[in-house]
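S.K.: A single structure is presented below for examination.
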Amino acid sequence: MSPLPVSRRKFLGVSASSLAMAGAARASAKADKKGVPAPFPKEFAWGAATASYQIEGAAGEDGRGQSVWDVFCKKKGAVFDGHTGDVACDHYHRYKEDVALLKTLGVRSYRFSVSWPRVLPAGIGAVNEKGLDFYKRLLDELEKNGIEPFCTIFHWDYPQELYKKGGWLNRDSADWFAEYTTLLADRFSDRIKVWATQNEPQCFIGLGHLDGVHAPGDKLKFGDYLTAAHNAMRAHAKSVQALRARAKDPKATKISYVLAAQIAKPASDKPEDVEAARSAIFSVARHEWNNAWWADPVLLGKYPEDGIAAAGKDMPKFKPTDLDEMKQPIDFIGLNIYKADTYKRGGDGKPEQVPVPPGYPRSGADWQWITPACMYWGPKFFHDRYKLPVSITENGLATREQVFLDGKVHDPQRIDFTHRYLLELARAIKDGVPVTGYYAWSLIDNFEWADGYKQRFGLVYVDYQSQRRIPKDSFDFYKKVIATGGRNLLDKTVLPPTQVTP
Ligand code: BGP
């Protein structure tokens, strides 16, 4: 392919010059020697994410209690090939090496989660100091390396002891979560300023309590599932209140709520297709894969009308004050974005889903279509509706990988994916959407829930037998993105979008 002059280069619908102008509009985006401004602002929170059960291991060490995932993994057929998180990436013992990788990568922020039963073995009551000590050591290491901690309070490893008391079906579960949050705020809020209460309620409630494919593996009746969802959202709100009440520096404390964002993108830029996608992204049917059911109560203080209609007689009965309590001001929305579905305006005026054509590119995870435009439309639609800044709290690609004969791990698909997706995110920023950060999922390969170790999402390859870490090619690519504020995304020569799928 012959190089094109910079001004004529097109990046999948985004021209280099238009993104450069976006950068020029911000005083914070410094120009390089050739005068090319960065497409991402200087203060942008470049990061990488992980979660406790997926990387820590040390399941039986230092007084940690059991989580529902410990129990679920032991059920025959629950997890691919019987894999468990007992050892995972052994991060509990190798955290220094992992923080060193973050340092080399150059991230400003590290999103990790605390294992609830590691610090409160029974979920409430007696505190496990040894468990807290692990997170102190981790925070020390991050501080030494100048990396800002972003703590997710709950990323799915629910204490088994609380599950035995009814778990999310028990109305008290919201207070249990507040007690746990208070402990973290009291011990760590002098050092942690950025928090997410929960990660992806669609998954830990929907996949875990309706579909039964994630821990604890329940297939509740629809009404009971909605009750569990209601209590989880009450728990989120009580957690926000606890953080606001106990944070050492309330003004500097930033609180978020992280969704498994289900993105709808328009089939074209025609206004009717854009409105069809907007309507689809916030519509609620009778299943967990939607946004508004999980976001409207906590951000707008009400359940969406179409969701109430779809729930019908299964709509849970709750105290009239619940909805007011559920709506606690937060500072930003965390969006975990992996792919989008496409919508156009149908013949009847309603949104119509455009089917994915046969052979359309997808990752090693069957559900993941390569759809870069989700990084433009997702942040835009969420910001338009909820009027909050957004952060991309997870984004990444699953691939099947091996160590090559040259001893390296080559992952060109992940590089191309990240390149395409970040160009679209830059376009959203250029169009005025306040996007505060981007967290690659994941820093290292890890235990991918029901898929076990089959899926690899890391920027760093993990050889689980030796626990050796090998940074992949995408690690170097992302490192350069961070170092240049995304400028390296602009100087790569690529074919015009019409010639390159998707
Ligand atoms: C998100 C989770 C992450 C991670 C990621 C990868 O839903 O928050 O913990 O697992 O998905 O996807 P998956 O493991 O479903 O393939």
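S.K.: Near the amide H of Y110, under 5 Å away, which other amide H atoms are found, from residues 5 or more places off or on another chain, if H is placed in the peptide plane?
M.R.: Those qualifying (amide H under 5 Å, at least 5 residues apart or on another chain) are E148, F150.
S.K.: State the number of lysine pairs found in the range 368-472 whose Cα atoms come within less than 20 Å, restricting to pairs 8 or more positions apart or on distinct chains.
M.R.: Taking the range 368-472 as the scope, the lysine pair count is 5.
S.K.: Taking the simple approach of a point 7 Å from Cα along Cα-to-Cβ for both V87 and E275, what is their distance in nm?
M.R.: 5.9
S.K.: Quick one: length gained pulling D211 to S268 fully straight, 0.36 nm per residue minus the C-alpha distance?
M.R.: 17.2 nm
S.K.: For K254, enumerate residues with amide H under 5 Å from its amide H, sequence gap 5+ or separate chain, H modeled in the peptide plane.
M.R.: The answer is V194, W195.
S.K.: If you take the charge dipole of the chain about its Cα centre, with +1 on Lys and Arg Cβ and -1 on Asp and Glu Cβ, which of Y110, A267, G206 is farthest toward its positive end?
M.R.: Positive-end residue among those listed: A267.
S.K.: Assuming R0 = 30 Å, what is the FRET efficiency of N170 and R137, from their Cβ-Cβ distance, to the nearest 0.05?
M.R.: 0.35
S.K.: Here is a follow-up. Once you charge only the Cβ atoms, +1 for Lys and Arg and -1 for Asp and Glu, what is the size of the charge dipole of the range 180-300 about its Cα centre, to the nearest 20 debye?
M.R.: Dipole magnitude for the range 180-300 comes out near 640 debye.
S.K.: Let me ask something else about it. Below 8 Å between Cα atoms, with a sequence gap of 6+, how large is the relative contact order for the range 208-365 in percent?
M.R.: Once normalised by length, the contact order is 27 percent.
S.K.: For the range 330-396 and the range 104-175, what is the separation of their C-alpha centers, rounded to whole Å?
M.R.: Using only Cα atoms to place each centre, the spacing works out to 29 Å.
S.K.: Continuing with the same structure: Using the Karplus equation 6.51 cos²θ - 1.76 cosθ + 1.60 (θ = phi - 60°), what ³J(HN,Hα) coupling, rounded to whole Hz, does each residue of the range 184-200 give in order, writing x for Gly and Pro?
M.R.: 5, 5, 5, 8, 10, 6, 6, 10, 9, 10, 10, 10, 10, 5, 9, 9, 6
S.K.: When the dipole is taken about the Cα centre of the range 255-377, and only Lys, Arg (+1) and Asp, Glu (-1) are charged at their Cβ, what size is it in debye, to the nearest 20?
M.R.: The dipole of the range 255-377 has a size of about 160 debye.
S.K.: Report the residues of the range 417-435 in range of a label on F404: point 7 Å along Cα→C-beta, backbone N strictly under 20 Å from it.
M.R.: Residues 417-420 fall inside that zone.
S.K.: Further question: Given the Cα-Cα distance of Y360 and D190 and 0.36 nm per residue of separation, how much length would full extension add, in nm?
M.R.: Stretched out fully, the Y360 to D190 stretch lengthens by 56.4 nm.
S.K.: Further, regarding this structure: What is the spin-label model distance, in nm, from E61 to E325 if the labels are put 7 Å beyond Cα along the C-beta direction?
M.R.: So the label points at E61 and E325 sit 3.9 nm apart.
S.K.: Label points 7 Å out from Cα along the Cβ direction at K103 and K74: separation in nm?
M.R.: 3.9
S.K.: Add -39500 (n - 2.57) for each DSSP H run of 4 or more in the chain, then divide by its residues: what number comes out at 222 nm, to the nearest 500 deg cm²/dmol?
M.R.: Value at 222 nm, helices only: -10500 deg cm²/dmol.
S.K.: Tell me which of I192, Y376, A178 sits at the most positive position along the dipole axis of the chain, charges placed on C-beta atoms (Lys, Arg +1; Asp, Glu -1).
M.R.: So the residue we want is Y376.
S.K.: I need the phi-derived Karplus couplings for the range 437-449: 6.51 cos²θ - 1.76 cosθ + 1.60, θ = phi - 60°, integer Hz, Gly and Pro marked x.
M.R.: In residue order, the calculated couplings are x, 9, 10, 5, 9, 9, 4, 10, 3, 7, 6, 8, 6 Hz.
S.K.: How long is the gain from K251 to K42 if the chain were fully straight, where each residue apart is worth 0.36 nm and the alpha carbon distance is subtracted?
M.R.: Length difference between fully extended and current span is 73.0 nm.
S.K.: Taking all protein chains as present, what is the carbon and sulfur share of the accessible area of the chain, in % to the nearest whole number, probe 1.4 Å?
M.R.: 53
S.K.: How much accessible area does K136 have with a 1.4 Å probe, in Å² rounded to the nearest 10?
M.R.: Answer for K136: close to 80 Å² accessible.
S.K.: With a 1.4 Å probe and all protein chains kept in place, how do M315, M375 rank by accessible area, largest first?
M.R.: From most exposed to least exposed: M315, M375.
The values are calculated or read from the model by the stated rules, or taken from the named source; none is laboratory data. Keep in mind the model is a prediction, meaning the values are calculated, not measured. Glycine also receives a Cβ, built like all others from the backbone with ideal geometry; neighbour counts cover every protein chain displayed. These accessible areas exclude ligands, DNA and RNA; they are computed on the full protein's heavy atoms, side chains included. Shrake-Rupley method; radii C 1.70, N 1.55, O 1.52, S 1.80 Å.
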